[in-house]
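The values are calculated or read from the model by the stated rules, or taken from the named source; none is laboratory data. Given the structure is predicted, the values throughout are model-derived calculations rather than measurements. Please note: Cβ atoms are built from the backbone with ideal geometry, for glycine as well, and neighbour counts cover all protein chains shown. For the accessible areas, the whole protein counts, side chains as well, though only heavy atoms, and no ligand, DNA or RNA atoms are used. Shrake-Rupley method; radii C 1.70, N 1.55, O 1.52, S 1.80 Å.
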Amino acid sequence: GFGSLGEWLMVQSLDVTTGKQLDLLTRQNTMIVNVAERLPVVRTIDGQTQVLVAGPLAKGSGYRLALFSVGLDGSEAKVVESQSVKAEDWVIDGNGNAVAEIDYDNQIKRWSLRIKGPDGFWKDVVSRDAPIDAPEVAGLTPDGTGIVYQDIDRDDYDVVSLKDGSSMGKFMGGQAGSLLVDPLTDRVIGVSKPSAGPEYTF
């Protein structure tokens, strides 16, 4: 089986002109059902709308979480990422590329942020023991060169380089608050602080 008992998302497209509704993942022969682990990500690539969906992929006698890309017409989904059995999510840039992967090893309660090395394989750049809480990845830096994440029990945000995984210091000089993320590019574009306003810094 895959996952646990609970509510699961189904991915559909609705043509607002014709009223036609379509299950997007039913033509993918490796899918067990039209199921998504989380909300889909939408990108426009070469003028075409692509929907990126994290869902179960059949591997051997079991399933693992994979990232699929499918058009709004429900054409056969393509597997974008499926290397890791511990993958939980991906950071997807404005061109629809998975540029970072978030893994969690449930057996040893270990969280990892991964980027792709020159060989095309994912490598850990930040890892934490996370039996209860885990770091949270916000998205890409405004220039797209790094990943912004919030460490365990921290209010501010750190940045790690997409090029080599090195630390790039604190995001926006260590300002704390809620981050504002562009949904079309996954880039962090500012910080919102609670105040009478609230106050936004871009």
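Annotations
- Average projection area in nm² (convex hull over Cα atoms of segment 57-202, one quarter of hull surface): 11.0
- Extension reserve of the residue 64-residue 17 stretch, reckoned as 0.36 nm per residue once the Cα distance is removed: 13.3 nm
- Global geometry of segment 41-106, whether rounded, prolate or oblate, following the gyration tensor of its Cα atoms and the 1.5 cut on a/c: oblate
- Dipole moment magnitude, nearest 20 debye, the chain about Cα centre, only Lys, Arg, Asp, Glu C-beta charged: 360
- Kirkwood-type radius of segment 122-202, with distances r between different C-alpha atoms, in Å: 13.3
- Charge-dipole axis of segment 19-100 as Lys and Arg at +1 and Asp and Glu at -1 on Cβ define it, positive-most pick from 41, 99, 79: 79
- The alpha-carbon positions of segment 75-116 define a convex hull whose volume is 82 Å³ per residue.
- Heavy-atom accessible surface of the chain: percent carbon and sulfur, 1.4 Å: 49
- Net +/- balance of residues flanking residue 86 in space, Cβ distance below 12 Å, scoring K and R +1, D and E -1: -2
- Residue range of the chain that is longest and free of trypsin sites (Lys or Arg not before Pro) which are both DSSP loop and sparsely packed (at most 16 other C-beta within 10 Å): 39-108
- For the chain, the solvent-accessible area with a 1.4 angstrom probe is 56 square angstrom per residue.
- Segment 53-122: GluC sites (Glu not before Pro) in DSSP loop, at most 15 other beta carbons within 10 Å: 76
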